[in-house]
1. Just the residues that are open to solvent by less than 60 Å² (accessible area, probe 1.4 Å), within 21 Å of residue 125 (Cβ to Cβ) and without any contact (Cβ under 8 Å) to a residue 40 or more places away in the chain, please, taken from the stretch 75-90.
2. Given the condition at pLDDT 80 or above and open to solvent by less than 60 Å² (accessible area, probe 1.4 Å), answer yes or no: does some residue in the stretch 59-68 qualify?
3. Within the stretch 123-132, can you find the residues that are open to solvent by 70 Å² or more (accessible area, probe 1.4 Å) and hydrophobic (A, V, I, L, M, F, W, C)?
4. Residue 77: at pLDDT 95 or above and of a type in the set (A, V, I, L, M, F, W, C), yes or no?
Amino acid sequence: MYLLAATPAAGPRFVGVDGFWISLVSMATSMGFAFFVIAPVALRPARSGGPPPVRAGGGAWLEVLLGHRVMRYLGRISYGIFLWQFVVLYLWRDFTGQEIFTGSFWLDLVPVAAGTVLLADLTYRFVERPARRWYGAADGRRRERSAARRARTPVN
């Protein structure tokens, strides 16, 4: 799939589509990648007991890295980062007057990353957390009503 996707048959490297057949090949290679690489990992059966998975170096460095408070914070706001990254990037491009794929990556990284993290944090604080609390309260009321209904229903 990778070799096919790396050829001109899969279309241009960055953006745009040159025609129906090229877009079809590009879509087929993406679907093939998802089917042969991502699906087996995502859909593998859960391990029940047995030894833990083998990790390079025991995996301690990865646990330390992912357990760091900055990484946990970025994990909490990651959906907001996903939502806002391109909005901030395009606003930054409009503000600086740069065309796409021009300019300095490193000079663009700091303001775009800072703006994305700021908006993601605000989205998490004022949208995601209240929605989660509201949904949790509504779900709790639903469970209470369902339990009360089951208690009232006679069993023959």
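The values are calculated or read from the model by the stated rules, or taken from the named source; none is laboratory data. In this text, all values refer to a predicted model and were calculated from it rather than measured experimentally. Quick reminder, even Gly has a Cβ in these numbers, built from the backbone with ideal geometry, and neighbours come from all protein chains shown. Accessible surface is based on the protein model in full, side chains and every heavy atom, while ligands, DNA and RNA are left aside. Shrake-Rupley method; radii C 1.70, N 1.55, O 1.52, S 1.80 Å.
1. Selection gives 75, 81, 88.
2. The answer is yes, given that some residue of the stretch 59-68 is at pLDDT 80 or above and open to solvent by less than 60 Å² (accessible area, probe 1.4 Å).
3. Just the residues of the stretch 123-132 that are open to solvent by 70 Å² or more (accessible area, probe 1.4 Å), to begin with: 125-127, 129, 132.
Within the stretch 123-132, 126, 127 meet the criteria.
4. Values: at pLDDT 95 or above: yes; of a type in the set (A, V, I, L, M, F, W, C): yes.
So residue 77 fits the description; yes.
To keep it simple, each residue is scored yes or no on (1) over 21 Å from residue 80 (Cα atoms); (2) open to solvent by less than 100 Å² (accessible area, probe 1.4 Å); (3) at pLDDT 90 or above.
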{"residue": "92", "(1), (2), (3)": "no, yes, yes"}
{"residue": "99", "(1), (2), (3)": "yes, no, no"}
{"residue": "102", "(1), (2), (3)": "yes, yes, no"}
{"residue": "106", "(1), (2), (3)": "yes, no, no"}
{"residue": "134", "(1), (2), (3)": "no, no, no"}
{"residue": "140", "(1), (2), (3)": "yes, yes, no"}
{"residue": "144", "(1), (2), (3)": "yes, no, no"}
